[in-house]
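Below is one structure, written out as structure tokens, with a few remarks after it.
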Amino acid sequence: ICNICAAEDLLRPDFKALTERDFEAECSRFGPVERTMAVVEDGGSSGSIHVVFASIISAADCLSAMHGRWFDERQMWAEYDLEYQSTEDQANDGSSSPPPPSSSILSSAAAASNDPDAEASSQWLPLGLAPSRQGE
């Protein structure tokens, strides 16, 4: 999931941990989540979160629901990340090749709060609702 927050927000360990927990809770509505990992993509100015599901069906349901959704005044986009492979997976199979498409990996990024002390869970907007713009 992409565009979850500003890249510099993920440098704060407390924010990163809260974001990972919040996305795990939100994404687990679609099925068992094996792992979440907030990252700054190469050369990126925004943060992303990798969500690994136990099932490709759960990943597809989550991708469909999260793509285009608003989080803290940022519109997220979601996509499969077929090149993602955890370092644990690489160590287990001894290769650096990407996992097969059936590995049920969803990559995504979402926006962070303007208030660094605000709880991330309060930033979710229901699907289809854009944030209101003051002064428009």
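The values are calculated or read from the model by the stated rules, or taken from the named source; none is laboratory data. From a predicted model like this one, the values you see are computed outputs, not experimental measurements. Don't worry about glycine lacking a Cβ; one is built from the backbone with ideal geometry, like all the others, and counts go over all protein chains shown. When the accessible area is computed, the model is the full protein with side chains, heavy atoms only, and any ligands, DNA or RNA have been set aside. Shrake-Rupley method; radii C 1.70, N 1.55, O 1.52, S 1.80 Å.
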| note | Scalar couplings 3J(HN,Hα) for region 7-19 by Karplus 6.51 cos²θ - 1.76 cosθ + 1.60 (θ = phi - 60°), nearest whole Hz, x for Gly and Pro, are 4, 5, 4, 6, 6, 8, x, 5, 5, 4, 5, 5, 5
| query | About its Cα centre, what dipole magnitude does region 23-87 give when the only charges are +1 on Lys and Arg Cβ and -1 on Asp and Glu Cβ, stated in debye to the nearest 20? | reply | 180
| request: Would you mind checking which residues have amide H under 5 Å from Val39's amide H? H placed 1.01 Å from N; only 5 or more apart, or other chain. | output: Ser48, Ile49, His50
| request: Pick out, from Leu18, Val39, Val52, the residue whose Cα sits farthest towards the positive end of the charge dipole of region 5-76, with +1 on the Cβ of Lys and Arg and -1 on the Cβ of Asp and Glu. | output: Val52
| Rolling a 1.4 angstrom probe over the protein heavy atoms, how many square angstrom per residue are accessible across region 5-76? | 47
